[in-house]
Amino acid sequence: MIQVENLTHRYGERTALRQVNFAVAKGEIFGLLGPNGGGKSTLFRILSTMMAPTEGRAVIGGCDVVRDRAAVRRQIGVVFQTQSLDKALTVEENLRAQGHLHALSGALLRERMEYSLAQLGLEDRRKDMVETLSGGLRRRVEIAKALLHRPPVLLMDEASTGLDPAARRDLTRHIERLRDQEGVTILLTTHVLEEADRCNRLVLLHRGEVVTEGTPQELRARIGGDVVVLDTDDAQTLAGAIEERFNLRPSQVDGQVRVEIANGHRFIAEVVEAFPGAIRSVGLHKPTLEDVFVRETGAQIE
Amino acid sequence: MNSWILPAATLWQRELVRFWRQKSRVLGVVASPLVFWLLIGSGSNDLARYYSGALVLTVMFSAIFSTISIIEDRREGFLLSMLVSPAPRTSLVLGKILGSATLAWLQGLIFLCFAPLAGVRIAPLDLIPVALAILLISFTLTGLGFVIAWRMESTAGFHGIMNLLLVPMWMVSGSLFPMATAHGWVRVLMRVNPLTYSISLMNHTLGMPNSQPGALESLLVTAAFGLVLLAACGIMAAQKSTHSTA
């Protein structure tokens, strides 16, 4: 549904995207995961037809985002990171204005509005002024608005930013329903791990490049067993000592030592025994996407 | 055709609905020209002399405030979703300008209610040319605001231009002193200032004595200035962006 081929973008001297390639299949939720400044927003702007790339191309539903801009715009619904609703208008008025932008009117527009409101569970909010809505509800209105012309593709930029965990889960639920019931293809950018975990497939973006790609399960499976995180005063010394004694390859991130290892609970007992006093605290967890990111880039997402 | 008219109509309607819901905005736009006018007019004991200038200033403030919203709207707001919709740019620009000009016109009409204070009596039939003149000036100044705002990165830049260009333009438009008494280069400036013709157009339709330039010349120059600005708006908006303007 979406193909990105050798996409490169430069802002003057600075390269924001470098040879990015990936493809999104119909009916999947595809995530672009990475820290802020990693190139997600640039990629999003190109896909949503707001900006032409320096090199390479992107195709949505068979149409080139630069050459067939108008055709692409009919096929995509866009949810921006910032609010695109008019706060001084009601939910219904915002949707109606959006419909008019897509040349929808009369009975067809009313039908589409009902459909969108129902999809996002907003029927009883239609008369509310957007100003009076909570952040989570506003996001849902944004999605309802983006879906009004029934686009096969929904693009969402950091859609859950500023939402509390409950509103975030609620949003994810709505997105998954759109995929399952309507077959909408969804591409979202995020730096939130739990959101990335719910995607069908992911691309990890770091410094404008694709670091790795796969399903969340595949990515996590690359780290065998457990992740042990050790808090210490001198990460370098501890990492060196662990490497020597246990023949492991620990990494250092933010003054902590991380070790990927099967049967982490046994390793903890051994390492604490081996370096008494050197370790301030110990953590053990199953691999997360954050660990994958750390492993691939040596940097953290958040 | 629908895909061209509907977006423009919906934007126009949006401006009006917002205006109606934020009535306090009227106060902000009308109040300062009213205060300027009362102070300058009372101080020189000639309210009528400064009336047209104050009216045009009201229209100018209104036009500026509604076009300045483009700058923020584009980065964070309603304009964003407009820009990624299939609606033609020219239709969007037309809708925005129609809406802003209508608001400027309405506020000019509100200011017209103070005419009796200036001793200006307008016969009911004369209201028509007066209203039409205000409408024309509203379009012109909205076009001017739009041309400035479209490329602006920040509202701070717009304020700079307002203080360095728009307000001085208004000062040397015959709003404060007539061209006949102006000296040297200021007089030349007044001659080439399109706003001079807007002020004198107002003076002529309101029946103020001895206004220069002449009525027909004022009308033609104001209309031509407006058309040039509207064309410029259309051309600017139709250009494709290759930078991170959005």
Next item on the list: Run through all the Cα pairs of chain B and give the fraction in each 5 Å bin from 0, expressed as whole percent.
Entry: 1, 6, 13, 18, 19, 16, 11, 8, 5, 2, 1, 0
Check: If you look at just the Cα atoms of chain A, how large are its Rg and its Dmax in Å?
Finding: 22.5, 76
Check: Between A:Thr161 and A:Glu243, 0.36 nm times their residue separation minus their Cα-Cα distance comes to what?
Finding: 25.6 nm
Next item on the list: List the trypsin sites (Lys or Arg not before Pro) within region B:85-123 that fall in a DSSP loop (any state other than H, G, I, E or B) and whose Cβ has at most 15 other Cβ atoms within 10 Å.
Entry: B:Arg121
Check: Once you list every other residue whose beta carbon is under 12 Å from the beta carbon of A:Asp164, what net charge do they have if Lys and Arg are +1 and Asp and Glu are -1?
Finding: +2
Notebook entry, point to check: Roughly speaking, what is the centre-to-centre gap between region A:193-266 and region B:8-68 when only Cα atoms are used, to the nearest Å?
Noted result: 62
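If you wrap a convex hull around the Cα atoms of region B:114-228, how much volume per residue is inside, in Å³? Before the final figure, lay out each step's value.
Values: hull volume 13.9 nm³, N = 115.
Considering the Cα atoms of region B:114-228, their hull volume per residue is 121 Å³.
Whats the longest run of chain B with zero GluC sites (Glu not before Pro) that are DSSP loop and have at most 15 other Cβ atoms within 10 Å?
Working: sites that count: B:Glu76, B:Glu153.
By the stated rule (loop sites, at most 15 other Cβ atoms within 10 Å), B:154-246.
Averaged over peptide A:63-71, how many Cβ atoms belonging to another chain are found within 10 Å of each residue's Cβ? All intermediate terms of the calculation are to be shown ahead of the outcome.
Values: counts 0, 0, 0, 2, 0, 0, 3, 4, 1.
Average per residue, whole number: 1.
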Next item on the list: Can you check how the C-alpha radius of gyration of region A:84-189 compares to 2.2 N^0.38 Å, as a plain ratio?
Entry: 1.00
Checklist line | Cut-off 19 Å (backbone N to label point 7 Å along Cα→Cβ of A:Asp128), residues of region A:157-194 | finding: A:160-175
Check: From the cross-link list A:Lys26/A:Lys127; A:Lys26/A:Lys145; A:Lys26/B:Lys96, which pairs have alpha carbons spaced over 28 Å apart?
Finding: A:Lys26/A:Lys127; A:Lys26/B:Lys96
Check: How far is it, in nm, from the label point at B:Ala238 to the one at A:Leu108 when both lie 7 Å from their Cα along the line to the Cβ?
Finding: 2.6
Next item on the list: Obtain the radius of gyration and the Kirkwood radius of region B:1-138 from its C-alpha atoms and give Rg over Rh.
Entry: 1.06
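Could you rank the peptides A:226-237, A:24-35 by their average count of other C-beta atoms within 10 Å per residue, with the highest value first?
Details: A:226-237: 16.7, A:24-35: 20.8.
Taking the mean over residues of other Cβ atoms within 10 Å, the ranking is A:24-35, A:226-237.
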Checklist line | Computed over region A:142-222, Cα set: Rg, Dmax in Å | finding: 13.3, 41
Next item on the list: Grab the eigenvalues of the alpha-carbon gyration tensor for region A:224-286, scale each by 5, take roots, and send me the semi-axes largest first in whole angstrom.
Entry: 15, 12, 12
Next item on the list: Using only alpha carbon pairs under 8 Å that are at least six residues apart, calculate the relative contact order of chain A and give it in whole percent.
Entry: 21
Notebook entry, point to check: Which order do A:Cys63, B:Cys113, B:Cys233 fall in if you start with the one that has the fewest other Cβ atoms within 10 Å?
Noted result: B:Cys113, A:Cys63, B:Cys233
Notebook entry, point to check: Does the protein assembly as shown come out rounded, prolate or oblate, given a ≥ b ≥ c as the square roots of the eigenvalues of its C-alpha gyration tensor, rounded meaning a/c under 1.5 and, failing that, prolate meaning a/b above b/c?
Noted result: prolate
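Quick note: the coordinates plus some simple rules give every number you see, no bench work behind them. Worth saying up front: this structure is predicted, and the values here are computed from it rather than measured. In this analysis, Cβ positions are derived from the backbone assuming ideal geometry, glycine residues included, and neighbour counts consider all displayed protein chains.
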